[in-house]
Amino acid sequence: MRHWGGNERKMQGDERANGPLVCIYNAGTFMMRFLLRTWQKFPQWTHVLAAQILRPRFRVAVSALVFDDQQRVLLFKHTYRKLEWGIPAGALEYGEQPVDGILREFFEETGMTIAVDRLLVAESSRYIRHVSLVYLCKIVSGEFRDSYEISEMQYFDVNSLPPMLFDEKDLIRSVHKNLFGDQLELA
């Protein structure tokens, strides 16, 4: 027989209870339950504040993929990037709906209005706290005007993309393949 805090317990057959480990586990479980019950008594605003401070935050980006009648993709020449060419994109603002975000970003950067056809991709980065929402869009009105972020825009054949981020190239090729089939010449 073993004695645990005054409680007697007879060991049975192949039961392999390791006394000190069982006590530590039980103490840990008790402590966790105690802490959670105590936490429950705190006012709601402390829960919200703690969640905002302790939980991981993600930046959300919205992007537009626009293809013309020749199945070329529209790219922007960004004024602030090392690899200047890239897909139209921007950060979602607090409280903004994703579709509204891409409409706003495209208009702010070009003066042009687009229509969203559908969501193509929603993914979380493996490397940074970043979520990307990529929409298939088409231009409906306006003329391009440069901005402090975008100096020009141009359609490119998917087989002849300019130097740009590899992730964006992969995204363009993947979406192009899904929309138009296997028409890529892979280098």
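The values are calculated or read from the model by the stated rules, or taken from the named source; none is laboratory data. Small disclaimer: the values here were computed from a predicted structure and weren't measured. Cβ placement follows ideal geometry from the backbone for every residue including glycine, while neighbour counts extend to all protein chains displayed.
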- Residue satisfying condition, being surrounded by fewer than 15 Cβ atoms within 10 Å (Cβ to Cβ) and in the same structural domain as Phe156 (by TED's automatic domain parsing), within set Lys41, Lys77, Lys82: Lys82
- Residue set Phe180, Phe106; condition within 12 Å of Ala64 (Cβ to Cβ) and in contact with a strand residue (DSSP E or B) (Cβ under 9 Å, 6 or more places away or on another chain); output residue Phe106
- Task: Among the residues of the range 1-60, write down those that are at pLDDT below 75 and either part of a strand (DSSP E or B) or acidic (Asp, Glu) (or both).
- Result: Arg2, His3, Trp4, Asn7, Glu8, Arg9, Asp14, Glu15
- Would you check which residues across the range 129-165 are charged (D, E, K, R), more than 20 Å from Arg104 (Cβ to Cβ) and within 26 Å of the chain's Cα centre (by Cα) and list them? Arg129
